[in-house]
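The values are calculated or read from the model by the stated rules, or taken from the named source; none is laboratory data. Just so it is clear, the structure is predicted and the values come from calculations on it, not from any experiment. Backbone-built Cβ (ideal geometry, glycine too); neighbour counts: all protein chains shown.
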Amino acid sequence: MVTTIEEKLRKRADLGHPICALTAYDYPTARLMDEAGIDLILVGDSLGMMVLGHEDTTGVTMEMMEHHTAACRRGVKQAVLLADLPYHCYETPEQALENARRLMAVGADAVKLEGGTEMLPQIDAIIGDGIPLIGHIGMLPQHVREEGGYKKKGKTPEQADRLLRDAQDLECSGVKAIVLESMVASVATEITEAVGVPTIGIGASKNCDGQILVVHDLLGSFPWFRPSFATPRADLASETTRAVQEYIAAVTEY
């Protein structure tokens, strides 16, 4: 699948076509996205919040990720299917490799983990085994409790320099792309210009080589929280409420 990933990501970015990516957690959503022509589908650990009702991503387990990755695999024929390694599941290179293999075994084309230079031993173990890997730097959702909230990165020169070094180290390690999350736009732009692998932004910069969004934010199906950078293209929450209320009225009239 390395060739497929490079065709979908690097070659698309080289041709000036932004990489379009979304999250999915189930078969019908993944299949609809794939048939619509999406480039990359991330089975994200954001399923902890979007699907399972947790406050953050830290309660997601490997078993959950395997379950949802396998479901999405059944619906995806063309897009790259990327799966997150969840919190505390890549503490050592050995653990990282074991769990990356588990995600690949249920159908992932590549895996993603959070972190920069400090994660190089884990990244090297995964890539050294022939498993395609995508990096993730900037705001790291799995560290939200440690940091006391979701905080934008790159606000100081020191933070900006660190993010750039992280990106360059990830590129040297052999990652296929890097997700840049919630960072100052100018920093994300600088990183995109400095590295040779595609960058995929979320709440970062429009100048990234692509963008990724949580599907619920795109469809307007999670009304209890909507990030400021996300533009809903539908309002499924209201449509769901309307349909259910119409159903209740219809049944009541039987």
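Can Ser221 be described as surrounded by fewer than 23 Cβ atoms within 10 Å (Cβ to Cβ), among the polar types (S, T, N, Q) and modelled with pLDDT under 95?
no
Taking Phe229 as the residue in question, decide whether it is among the aromatic types (Phe, Trp, Tyr), surrounded by 15 or more Cβ atoms within 10 Å (Cβ to Cβ) and not in a helix (DSSP H, G or I). The answer is no for Phe229.
Table: residues versus (1) aliphatic (A, V, I, L, M); (2) touching a strand residue (DSSP E or B) at 6+ places or on another chain (Cβ under 6 Å); (3) crowded, with 17+ Cβ neighbours inside 10 Å; (4) more than 27 Å from Asp26 (Cα to Cα).
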{"residue": "Asp109", "(1), (2), (3), (4)": "no, yes, yes, no"}
{"residue": "Glu114", "(1), (2), (3), (4)": "no, yes, yes, no"}
{"residue": "Gln122", "(1), (2), (3), (4)": "no, no, yes, yes"}
{"residue": "Gly135", "(1), (2), (3), (4)": "no, yes, yes, no"}
{"residue": "Glu146", "(1), (2), (3), (4)": "no, no, no, yes"}
{"residue": "Gly149", "(1), (2), (3), (4)": "no, no, no, yes"}
{"residue": "Ala160", "(1), (2), (3), (4)": "yes, no, yes, yes"}
{"residue": "Ser173", "(1), (2), (3), (4)": "no, no, yes, yes"}
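Within region 224-254, the residues that satisfy the criterion of being at pLDDT 95 or above and of a type in the set (Asp, Glu) are Asp235, Glu239, Glu246. In summary, Leu97 fulfils each of the numbered conditions (1) crowded, with 21+ Cβ neighbours inside 10 Å; (2) among the aliphatic types (A, V, I, L, M); (3) over 16 Å from the mean Cα position of the chain (by Cα) with the single exception of condition (1). Cβ-Cβ contacts under 8 Å between residues 6 or more apart (or on different chains), taken from a first residue in region 183-196 that is touching a residue at least 24 places away in the same chain (Cβ under 8 Å) to a second residue that is basic (Lys, Arg), are listed as Met183/Lys152; Met183/Lys153; Val184/Lys152; Val184/Lys153; Val184/Lys155; Val187/Lys153. Say whether the condition of being surrounded by 24 or more Cβ atoms within 10 Å (Cβ to Cβ), assigned to a helix (DSSP H, G or I), at pLDDT 95 or above and out of contact with any strand residue (DSSP E or B) (no Cβ under 8 Å at 6 or more places or on another chain) is met by at least one residue in region 82-93. Checked region 82-93: no residue is surrounded by 24 or more Cβ atoms within 10 Å (Cβ to Cβ), assigned to a helix (DSSP H, G or I), at pLDDT 95 or above and out of contact with any strand residue (DSSP E or B) (no Cβ under 8 Å at 6 or more places or on another chain).
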